[in-house]
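Here's the structure we're looking at; comments come further down.
The values are calculated or read from the model by the stated rules, or taken from the named source; none is laboratory data. For clarity, every value in this text was computed on a predicted model and none was experimentally measured. Neighbour counts run over all protein chains shown; Cβ positions are idealised from the backbone, glycine included. Accessible surface is based on the protein model in full, side chains and every heavy atom, while ligands, DNA and RNA are left aside. Shrake-Rupley method; radii C 1.70, N 1.55, O 1.52, S 1.80 Å.
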Amino acid sequence: MQFELSEEQAELAATVRGLLEKRADSAAVRAASTSETGYDEALWATLCEQIGVAALGVPEEYDGVGVSFFETAVVLEELGRTIAPSPLLATTVATEALLAGATDDARKRLLPRIAAGEIATIALDDGPVLDGDRAEILLAVRGDDLVEVSGATATWAESMDQSVRLARLDLSAAELTVIGDGNAARARAELVGAAAAAALAVGLSDRALQMTVGYLKERVQFGRPIGSFQALKHRMADLLARVEMSRSASWAASYALADTDTDAAEAAFLTHAAASYALETAALAASECVQLHGGIAITWEHDAHLVFKRAHALGQLYGAPHRHRAAVDL
């Protein structure tokens, strides 16, 4: 199990962070979230073409980079830090579902398209589907089958967090082609989705922490920066500890899911534990960010509300924290 990034993984994180610092600042994120597509198409193209983020978990035989889910989680953490809307979460879950449950013919046909940057998603139930109205490759689990969907009607579903794109699907007139084992695809998609949400939550928590600490150093009250008050120091120290523990848990889960030698039960345990802890930490970090920024945090112009909305959205996408705790077999 890894508890630090390799030189290559650290370089990947630095490269993605450098690009996002230039292309996904607050103004860019807000513009992308409220655009017709709901994301920055040029940024997505750059991430795919220059860094290969969509191809990281795709084996080389299917035109991918052929590393692992762990590297994708490294990228997701960086995306979580900027709150940039991105199709990577949905595409990653769909990719892993294909690898786990699809026939080889389906993999040969679909995975090269994903590696090239086409957006993919998978519907696991009848609720809103992440990126369902902009996916070029749409999968679904129906009974025991993994199916490819064509001709579905997708309707955008408004959500509190504008940076998370949801859609409702009408499959009544769609063509469903069976391409594999739905049970295997679902099991993998649910675990990878939870681990990916945890990675995004870690990045978001770190963003909230840095924003809040920065403000506490600048805000002066009674002639002193409020960050010098002991009570606030303790709150930030506690939050820092939680963020670092969340990161360790997230890395452990992502590494377990990427390592084919890891026992399935252990991988599931680590994933549910990481999701529970990281998602709750994100909610706490967002709450502290809003409270300690005072009145400015409730204004539309400040980014605190973006952090708050994303934290609560992540807590719903692939299971709420209490559901992950319930899934941990003690």
Go ahead and run the numbers for FRET between Arg142 and Ile296, Cβ-Cβ distance against an R0 of 51 Å, rounding to 0.05. 0.60
From the helices alone, meaning DSSP H stretches of at least four residues, give me the mean residue ellipticity at 222 nm for the chain, per-run term -39500 (n - 2.57), in deg cm²/dmol to the nearest 500. -19000 deg cm²/dmol
Do you know the relative contact order of the chain, to the nearest whole percent, from alpha carbon pairs under 8 angstrom that are 6+ apart? 17
Projecting each Cα onto the charge dipole of the stretch 111-236 (Lys/Arg +1, Asp/Glu -1 at the beta carbon, about the Cα centre), which of Ala197, Ile226, Ile119 comes out farthest on the positive side? Ile226
With a ≥ b ≥ c from the Cα gyration tensor eigenvalues, square-rooted, and the rule rounded for a/c under 1.5, otherwise prolate when a/b > b/c and oblate otherwise, the stretch 1-118 is oblate
For the stretch 207-330, which semi-axes, largest first and in whole Å, follow from the square roots of 5 times the eigenvalues of its Cα gyration tensor? 33, 15, 11
Please state the equivalent ellipsoid semi-axes for the stretch 94-157: what are the square roots of 5 times the Cα gyration tensor eigenvalues, largest first, in whole Å? 19, 15, 9
Between Asp259 and Arg325, take the C-beta separation as r, use R0 = 41 Å, and let me know the FRET efficiency to the nearest 0.05. 0.95
Using a 1.4 Å probe on the protein heavy atoms, what percent of the accessible area of the chain belongs to carbon and sulfur? 52
Top of Gly203, Gly319, Gly132 by mean-square fluctuation, Gaussian network on the chain, Cα under 10 Å: Gly319
Can you compute the charge dipole magnitude of the stretch 29-146 about its Cα centre, using +1 on each Lys and Arg Cβ and -1 on each Asp and Glu Cβ, nothing else charged? Give it in debye, rounded to the nearest 20. 160
Output ordering of 152-159, 72-79 (per-residue mean of other Cβ within 10 Å, highest first) is 72-79, 152-159
Two-site label geometry, Glu36 and Arg168: point separation in nm, points 7 Å out along Cα→Cβ: 2.4
Taking a crude spin-label model, label points 7 Å out from Cα along the C-beta direction, the Met245 to Ala27 distance in nm is 4.0
Let me make sure I get this right: for the chain, a, b and c are the square roots of the gyration tensor eigenvalues over alpha carbons, sorted descending. Under 1.5 in a/c it's rounded, otherwise prolate if a/b > b/c, else oblate. Which is it? prolate
Using the heavy atoms of the protein chains and a 1.4 angstrom probe, tell me the accessible area per residue for the chain in square angstrom. 45
If every Lys and Arg gets +1 and every Asp and Glu gets -1 at its Cβ, then about the Cα centre the chain yields a dipole, in debye to the nearest 20, of 1500
Would you work out if the stretch 154-252 is rounded, prolate or oblate? Take a ≥ b ≥ c from the square roots of the eigenvalues of the alpha-carbon gyration tensor; rounded if a/c is under 1.5, else prolate when a/b is larger than b/c, oblate otherwise. oblate
Extending each Cα 7 Å along its Cβ direction at Lys108 and Gln50, get the distance between those two points in nm, one decimal. 3.5
At 4 °C and a viscosity of 1.567 mPa s, what translational diffusion coefficient does Stokes-Einstein give for the stretch 84-239, taking Rh as the Kirkwood radius over Cα pairs? Give it in µm²/s as a whole number. 73
Signed unit charges on C-beta, dipole axis of the stretch 273-330, positive-most listed residue Ala327, Gly315, Ala304: Ala327
